[in-house]
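Asker: I am attaching a structure below and will ask some questions about it afterwards.
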Amino acid sequence: MNIVEIIKKKRNGGKLTRREISYLIHGYLDGEVADYQITAFLMAVYFRGMDDEETINLTEIMLNSGDIIDLSRIKGVKVDKHSTGGVGDKTSLILAPQLASLGVFVPMISGRGLGHTGGTLDKLESIPGFRINMDVEEYKKTLEKVGCVMIGQTTKIAPADKKIYALRDVTATVDSLPLIISSILSKKHAEGAEALVFDVKIGTGANLQDEKESEKLAKQLVSVSKKFGTKAIAVLTDMNQPLGNKIGNWLETEECIEVMKGKKVDDLLKVNNVLAGAMLLLAGKAKDIDEGEIIAGQAIDNGTAYNKFLEMVEVQDGDVSYIKDYKNLKRPAHSHKFVSEKEGYITKLDAFNIGVASVELGAGRKTAEDKIDYLSGIILSKKCGDKVSHGEVICELFAENEDRIINAKEYVKRAIEIGDEKKSQRKLIIDIID
Ligand code: URA
């Protein structure tokens, strides 16, 4: 087979056979296909798409590129959740310990930041020492001991996604339905969960800008999971504005700690607890999502989710004292308060531009080699619908140097609209598909 001919076939809108996709993916893992060739292929898929059969073949080939973990020795239900990617989208850090504290095992393989959206692994690594690499045996032992474990793809677990994901992040090939489906499902089906909840983001800050495409993504994530024998629910949630008030790796971790310690961040708590409710339903621990939402809320209120979070951080070599010291704010050298130039109501806080601003500040990558600045990011003092007066702070930007703040300000300016009248907002939970 000829790699250039395969790329050309997809570039011209052809349908690839299973053998051709397999040749390409295995060739890439073996080092015979170069980064620039796989990038050309990804861009061809971006423009030409893939039909259902190609998408399932790509997913299966990526899944089988590494080990599929057998968790049958762990007695109890294993349920995980995965988000399609958003801004300020930090629920994984709460959900894993929260569900574990309720007796549900959560084996979680996550990704890094992708495009303008944040990634769980980068957030976890904002905790000094936190180790996201483990071999399969340690992964199982940790899950058994703590009830949850959070790691990244490795050379053994979902290796194709590990390599392709890093390339997509810096080659503008994130927002493609077949690439998102194969990326998510190859990781998620490798990790050994019996049931999955998908948080499919809809809105400007989602990975797929077209809302109809996001709905299609939700349906396909559920239907392809079922084909692989895994129960699944997709919750479609709003991503027109960031979730919660903090964006950036440590800032988001800090907000999760605050929430687990009792702070009421309404939108974050709502989305989090509905997802938790869906996980509890799939685990057989709630009769429906509403009941699950209440049970999940109790695990936050009584402190068991936070205690489990500390246990997980400790077992994964994270610095627990850094977490306990969260009130002693950790901020980078420079900050800038973005104030309102008029009085009115916030009518738009565009999640996409806020996400790009946070990348400019150092919270995401523009090239594969870029180092994340874990403390950089944005704190929102206002959300859509809030009243703002002239000169009042809307948000604060944080970065290691002034230049980053100057660049980010342009995107923040584009993100915000202030009107004379309060506009009604879309519901946070848009739909649930099972
Ligand atoms: N999450 C993933 O794991 N992969 C994607 O492509 C998008 C979100």
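Asker: Calculate for the chain the 222 nm mean residue ellipticity that helices alone would give, adding -39,500 (n - 2.57) per DSSP H run of length 4 or more and normalising by residue count, nearest 500 deg cm²/dmol.
Answerer: Dividing the helical sum by the residues of the chain leaves -14000 deg cm²/dmol.
Asker: Could you compute the net charge surrounding D434? Neighbours are other residues with a C-beta less than 12 Å from the C-beta of D434; K and R count +1, D and E count -1.
Answerer: Here the count lands on +1.
Asker: Using protein chains only and a probe of 1.4 angstrom, how many square angstrom of M43 are accessible, to the nearest 10?
Answerer: 60 Å²
Asker: I would also like to ask the following. Set the Förster distance to 45 Å, then compute FRET efficiency between V320 and D266 from the Cβ-Cβ distance, nearest 0.05.
Answerer: For R0 = 45 Å, the calculated efficiency reads 0.95.
Asker: Rounded to a whole number, what % of the accessible area of region 79-324 do carbon and sulfur atoms account for, probe 1.4 Å?
Answerer: Its accessible area is 50 percent carbon and sulfur atoms.
Asker: Just to be sure I understand the curve: with the Debye formula and one point per C-alpha of region 264-376, what is log10 I(q)/I(0) at q = 0.12, 0.20 Å⁻¹?
Answerer: The computed values of log10 I(q)/I(0) come out as -0.76, -1.17.
Asker: Give me the dipole magnitude in Debye, nearest 20, for region 334-419 about the Cα centre, with unit charges on the beta carbon: positive for Lys and Arg, negative for Asp and Glu.
Answerer: 240 debye
Asker: Are there trypsin sites (Lys or Arg not before Pro) in region 360-413 that DSSP puts in a loop and that have at most 12 other Cβ atoms within 10 Å, and which ones?
Answerer: Sites meeting the loop and neighbour criteria: K366, K371.
Asker: Then there is this: Could you list log10 I(q)/I(0) for region 334-419 at q = 0.14, 0.18, 0.22 Å⁻¹, which the Debye formula gives when each Cα is one point scatterer?
Answerer: -0.45, -0.70, -0.98
Asker: Please report the net charge: other residues with Cβ closer than 13 Å to the Cβ of D403, K and R +1, D and E -1.
Answerer: For residues surrounding D403, the net value is -3.
Asker: Over region 3-49, one equal point on each Cα, no solvent: what is log10 I(q)/I(0) by the Debye formula at q = 0.19, 0.26 Å⁻¹?
Answerer: At q = 0.19, 0.26 Å⁻¹ the computed log10 ratios are -0.50, -0.94.
Asker: What is the calculated FRET efficiency for L329 to D51, with r their C-beta to C-beta distance and R₀ = 56 Å, to the nearest 0.05?
Answerer: 0.65
Asker: Same structure, new question: Using just the alpha carbons, could you tell me how many Å³ per residue the convex hull of region 68-126 encloses?
Answerer: 97 Å³
Asker: State the percentage of accessible surface on region 3-49 attributable to carbon and sulfur atoms; use a 1.4 Å probe and exclude ligands, DNA and RNA.
Answerer: Percent of accessible area from carbon and sulfur atoms in region 3-49: 51.
Asker: Want the number for Y36 to K427: 0.36 nm per residue separation, take away the alpha-carbon distance, what's left?
Answerer: Length gained between Y36 and K427: 136.6 nm.
Asker: List, in order, the whole-Hz ³J(HN,Hα) value for each residue of region 374-388 obtained from phi through the Karplus relation with A = 6.51, B = -1.76, C = 1.60 and θ = phi - 60°; use x for Gly and Pro.
Answerer: Those phi angles translate into 5, 8, 6, x, 9, 10, 8, 9, 10, 10, 4, x, 6, 7, 9 Hz.
Asker: Got a sec? Charge dipole of the chain, +1 on Cβ for Lys and Arg, -1 for Asp and Glu; which of S223, L42, G192 is way out at the positive end?
Answerer: Checked the options; the winner is S223.
Asker: Can you give the extra length, in nm with one decimal, that the chain gains between S223 and K141 once fully stretched, where that is 0.36 nm per residue apart less the Cα-Cα distance?
Answerer: 26.4 nm
Asker: Dipole of the chain, Cα-centred, from +1 at each Lys and Arg C-beta and -1 at each Asp and Glu C-beta, to the nearest 20 debye?
Answerer: For this selection, approximately 380 debye.
Asker: A further question on this structure: Could you rank the peptides 27-34, 300-307, 228-235, 111-118 by their average count of other C-beta atoms within 10 Å per residue, with the highest value first?
Answerer: 111-118, 228-235, 300-307, 27-34
Asker: Calculate, in nm to one decimal, what E211 and I406 gain on full extension: separation in residues at 0.36 nm each, minus their alpha carbon distance.
Answerer: 67.0 nm
Asker: Ratio of region 79-324's C-alpha Rg to 2.2 N^0.38 Å, to two decimals?
Answerer: Normalised Cα radius of gyration, region 79-324: 0.91.
Asker: Kirkwood hydrodynamic radius (Cα pairs, Å) of the chain?
Answerer: 21.8 Å
Asker: Sticking with this one: Over the chain, what is the mean sequence separation of C-alpha contacts under 8 Å (at least six apart), divided by residue count, expressed as relative contact order in percent?
Answerer: 19 percent
Asker: Sticking with this one: Write down the Kirkwood hydrodynamic radius of region 175-252, to one decimal in angstroms, obtained as one divided by the mean of 1/r over all alpha carbon pairs.
Answerer: With all distinct Cα pairs of region 175-252 included, I get 13.3 Å.
Asker: I've got another one for you. Would you mind pulling out the separation of the Cα centroids of region 1-27 and region 126-191, in Å?
Answerer: 25 Å
The values are calculated or read from the model by the stated rules, or taken from the named source; none is laboratory data. Everything numeric in this text was worked out from a predicted model, so none of it was measured. Using ideal geometry, Cβ is built from the backbone for each residue, glycine included, and neighbour counts are taken over all protein chains shown. Surface accessibility is based on the protein's heavy atoms, side chains included, excluding ligands, DNA and RNA. Shrake-Rupley method; radii C 1.70, N 1.55, O 1.52, S 1.80 Å.
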